[in-house]
Amino acid sequence: MEHKSTGRQILVYGTLAVMLVFALFPLYWMLNTSFKSQGEIYNLTPTFWPKDFGWEAYDKLITEKGFLGNVRNSLLVSLAVSVFSISVSMFAAYAISKLNFKGRSFISRGILYAYLMPRAVLFIPLYMLVSAIGVNNSVYGLMLIYPTITIPYATWMLISYFKSIPVEIEEAAMIDGCSRGRTLRSIIFPLAAPGLAATFIFSFTLCWSEYLYALVVVTKSADKTITLGLSEMIVGDVFAWGPLMGGSIIASIPVIIMYLFTSKYMVSGMTVGGVK
């Protein structure tokens, strides 16, 4: 039996190792390509390590393309929209999941339908809205538009998470004299921290990778986001592969860092034993 168990473990870990290689190989190939010269990139025989290791692609990104400005704009928009979306969605999700009021199921379905609405249908009226307000062609226009994506998404995710918190915890807090607001602040929201962290990350990623609205709203180079900065490296059928891969690596770093720093909060079971 012990030999069978060992063989099963080897098979499982071997399978996981193969899957990990497949998952990480595109990231490695982007990093590998970003350090190659243009001639080596177009060589018919691919090399798995740069023959002439160089920083030309990153130098071009920073000095010629102004890519760090694109990163700054995306960080500003993604963080602002994600914080605002979570601040709104956590109250909306709590109300829908815990309170009984007329039209609750209708509002819940409406939130889902709003998230599922194709973006290609909405970008014209949304552009007309930001133009009428006077914030088109700026990051502030994106800050106004992106919550239409993130708030329905974040609310729908948090509804199921708040439903998983036992109602007995909230009732016990109120019996002890806590008001509704204090119960939310001291009990419910701290218990929902893993769900809030996960939803914040997903909302941030949605804003970080959004392209269509940014393409429609922003045309000024100083306010363009990373998705627009990367797309400008493709001119017709000419691809600047070195800067394009280097820009993709830079664009991946903030999201990876965010996942690393918040992964410890994204654990389930914080309410286990809470009723007892």
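Miscellaneous remarks
- If you count Lys pairs in the chain whose Cα atoms are under 16 Å apart, skipping same-chain pairs closer than 8 places in sequence, the total is 5.
- Shown is the FRET efficiency for Glu56 and Ser231, computed with R0 = 25 Å from the Cβ-Cβ distance and rounded to the nearest 0.05: 0.75.
- Label sites at Ile133 and Leu76, each approximated as a point 7 angstrom past Cα along Cα to Cβ, lie 1.6 nm apart.
- Degrees, to the nearest 10: 119-133 long Cα axis against longest axis of the chain: 80 degrees
- Inter-label distance, nm, simple model (7 Å from Cα along the C-beta direction), Ala23/Val121: 3.5 nm
- The chain - accessible surface per residue (Å², probe 1.4 Å): 59 Å²
- Cα gyration tensor shape for the chain, rounded if a/c is under 1.5, else prolate or oblate: oblate
- What the Cβ-Cβ distance of Met174 and Phe106 gives, at R0 = 41 Å and to the nearest 0.05, is a FRET efficiency of 0.90.
- Inverse mean reciprocal Cα-Cα distance (Kirkwood Rh) of region 6-58, Å: 13.0 Å
The values are calculated or read from the model by the stated rules, or taken from the named source; none is laboratory data. Fair warning: this is a prediction, and the values are worked out from it, not measured in the lab. Backbone-built Cβ (ideal geometry, glycine too); neighbour counts: all protein chains shown. We work out accessible area using only protein heavy atoms, side chains counted, and drop any ligands, DNA or RNA first. Shrake-Rupley method; radii C 1.70, N 1.55, O 1.52, S 1.80 Å.
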